[in-house]
Structures are given as C-alpha cells and as structure tokens.
1. From the set of residues in the stretch 180-202 that are without any contact (Cβ under 8 Å) to a residue 24 or more places away in the chain and within 40 Å of the chain's Cα centre (by Cα), which is surrounded by the fewest Cβ atoms within 10 Å (Cβ to Cβ)?
2. If you check Asp76, Asp86, which single one turns out to be modelled with pLDDT under 85 and open to solvent by less than 60 Å² (accessible area, probe 1.4 Å)?
3. If I filter the stretch 151-161 down to residues being buried (at least 17 other Cβ atoms within 10 Å of the Cβ) and modelled with pLDDT under 90, which single residue comes out as farthest from Tyr244 (Cα to Cα)?
4. So the check is Cβ under 8 Å with 6+ separation or different chains; which pairs have a first residue in the stretch 243-268 that's closer than 13 Å to Ile169 by Cβ and a second one that's in a strand (DSSP E or B) and among the polar types (S, T, N, Q)?
5. Would you pick out the residues in the stretch 89-119 that are open to solvent by 50 Å² or more (accessible area, probe 1.4 Å), at pLDDT 90 or above and not in a helix (DSSP H, G or I)?
6. Looking only at residues in the stretch 1-17 that are open to solvent by 80 Å² or more (accessible area, probe 1.4 Å) and touching a residue at least 12 places away in the same chain (Cβ under 8 Å), which one is nearest to the chain's Cα centre (by Cα)?
7. Taking the condition modelled with pLDDT of 90 or more, in contact with a helix residue (DSSP H, G or I) (Cβ under 9 Å, 6 or more places away or on another chain), surrounded by 12 or more Cβ atoms within 10 Å (Cβ to Cβ) and farther than 21 Å from Ala282 by Cα, does Met27 pass?
8. Conditions first: (1) crowded, with 17+ Cβ neighbours inside 10 Å; (2) within 13 Å of Leu67 (Cα to Cα). Phe20 passes all but one, so which condition is the exception?
Amino acid sequence: MNITLRQLHAFYEVAKTQSFTLAARNMNLTQSAVSMLVRQLEAEYGLALFDRVQRSAQLTEVGRQMLPVTERMLEDLRQVHEGAEDLKALRRGRLRIAVPQMLACSWLPPLAAEFMAAFPDIGLHVMDTTGDRIVSAVQDNEAEIGIGPQRPAPADIAAEPLWEEPIQIVLPRASALGDGAPLTWKDLRNENWIQYSDDFTLYLERAIWAELPIPEARTTSVRYLTTALSFVGLGLGVTAAPQYARSFADQFAVKFARVETGRIMRAFYIYSRRNHSRSPAANAFVSFLTHKIGSPLPFESL
C-alpha cells in the first residue's frame, strides 16, 4: 500500500466540506487534482469513500469509518511537524553534556545559568564525571557533547579546541614551598604526589618526570580531583591541577603555586560524535560557549 499525505489531506478536506470545489480551494489545488488524489486513495483501499451526489460529496459508510482515523493521523503528523519546529526554534529540547566534576561545579554553573536564561525551554542534563570518562561518555551516547581536557580521541569522535588552561601546583596551605624563591619541578621531586587521572599522570610523566622520575613509593592514587585536594589539604602530599580549581583553595585548605620553569598549559576541547548531526540545543550551546570564550571566563579572574 502506497498512501501519501496529500491523498489523506484531500480525503479529509472533501469529507469536511462535502465539496471537491471547496476542498480544492482550501488546498490551493485544482478540483481535478483533488478528485485525482481521492480516486488514488480509493484505489489503494479498494473501496469507495464518497458518493458523488450532484455537486456534493457524501461519505460512504467506509468513508465515515475512515474519517476519525485519518483525523488522528493528520493531527499526529501536525504535532510531529510542530515538534520539529519547536526543536529548531529552541522552544523545546534537551542538552546532554559530560563535564569533569570539578569543572562542573566551578566553571559550568554561571555559564549554564546564562544559557538557561536565554533558552528557558531547553532542559539540561549534566553528567559530571572524571576527565578520563568524557570521551567515552560521548562515544557511548551517554552525553551528546563533552567538555574537558585533551584526551586521545578515537576516529568516530570529533574534538574542537576551546581554550588552554594553566596547570598549577597544589600545596598544603602551611607548606613553605611556593612562598619564597620561584618554584621548580625539581623542588617537588621528593614530595608525595596525589594522582587523580591516569591520562594526566601519563602527560606529566612524559612532560616532566621523564627527566625527574618520582619514586613509586611517593605516589598516592585517587579518582577525583576533589579527593586529591582534600588529601593535599591534610598534608598528605601535593598535586597538579588546572588553575580554575583555585576557587576551592579555602574549602580544602590548600594553596596554588606557579611553576616558573617548565610551565604547563592544558588544552580543553568540545567532544562530539563525528558524522552525527548535533541537536539544535547542542548547537546553540556550542555557539554560546565559543562566543563566551572570546570574553573572560569565570575562572580567569581568579
């Protein structure tokens, strides 16, 4: 069976107006075109839908039974069309993003508040997780887009650069390090290192510790940056963290210090599935975010 929307629409208009002439006027078609559409529909059903009585079109018994079904189908299609228009116009939709936990509770909230004020009909779902999980969350469609530090991305994941963030050393507040002479990586050689990211640890090993290896006994591994900050605040070691985490210095009784030699910048990206069309909500957020990158970000003044 090969029934078209135009055929159903012609049937509906003729049934409502009881006239091929009025139906043609409502559809901006000729009367012969409407008659042809109805005949095609009757041929598909193999049943007569109208009795042609002089200039009037009266529904047959089959036609009367088909009318409410057709009305429901046309209404469903109208709602689908309006839903698509609403999505395109950002009058509905849902934004699903994956963000590292520390970024999600420091950098994201003011931006999310501004975006949601501009698009109040867009729902927001934030998957706050570790930086190492961002790419896989997007790849597994747990989130439509991911925002996080540079990570190896498989072929099916696109990575768009957003900004570069300075990496600083996090020390116990009572530590004498960082208060006097400029801090160097060599000064930290014998500190206990709190590690919270497999990928970031590998990055540090390649960038710094290849020449100044840390004894294995001088490392502690945790999962989240917040846990690492808590350990540092209790005097259990030091760690390295993006500059935006400085907003939590007082909460965890830590201080942030720059390494004057061998400064490290960490690139942050938007991740999305390659060859997949982003939703209007995701496109709007990416446009909003890239626009904001051109102005000071919330943590840049810290």
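The values are calculated or read from the model by the stated rules, or taken from the named source; none is laboratory data. Everything numeric in this text was worked out from a predicted model, so none of it was measured. With ideal geometry, Cβ positions are generated from the backbone for all residues, glycine too; neighbour counts draw on all protein chains shown. Side chains are part of the model used for accessible areas, which takes the heavy atoms of the whole protein and leaves out ligands, DNA and RNA. Shrake-Rupley method; radii C 1.70, N 1.55, O 1.52, S 1.80 Å.
1. Taking the stretch 180-202 and keeping what is without any contact (Cβ under 8 Å) to a residue 24 or more places away in the chain, we get 180-181, 187, 201-202.
Among the residues that remain, those that are also within 40 Å of the chain's Cα centre (by Cα) are: 201-202.
Details: Thr201: 17, Leu202: 12.
The selected residue is Leu202.
2. Numbers: Asp76 fails: open to solvent by less than 60 Å² (accessible area, probe 1.4 Å).
Unique residue meeting the criteria: Asp86.
3. Ala153
4. Listed by first residue and then by second, the contacts come to Gln243/Gln168; Arg246/Gln168; Phe256/Gln168; Ala257/Gln168; Arg258/Gln168; Val259/Gln168.
5. Correct list: Arg96 only.
6. Taking the stretch 1-17 and keeping what is open to solvent by 80 Å² or more (accessible area, probe 1.4 Å), we get 1-2, 5-6, 16.
Remaining after also requiring touching a residue at least 12 places away in the same chain (Cβ under 8 Å): 1-2, 5-6.
Working: Met1: 40, Asn2: 39, Leu5: 34, Arg6: 37 Å.
Among them, the one singled out is Leu5.
7. On the way: modelled with pLDDT of 90 or more: yes; in contact with a helix residue (DSSP H, G or I) (Cβ under 9 Å, 6 or more places away or on another chain): yes; surrounded by 12 or more Cβ atoms within 10 Å (Cβ to Cβ): yes; farther than 21 Å from Ala282 by Cα: yes.
Judged against the criteria, Met27 is a match.
8. Among (1) crowded, with 17+ Cβ neighbours inside 10 Å; (2) within 13 Å of Leu67 (Cα to Cα), Phe20 violates only (2).
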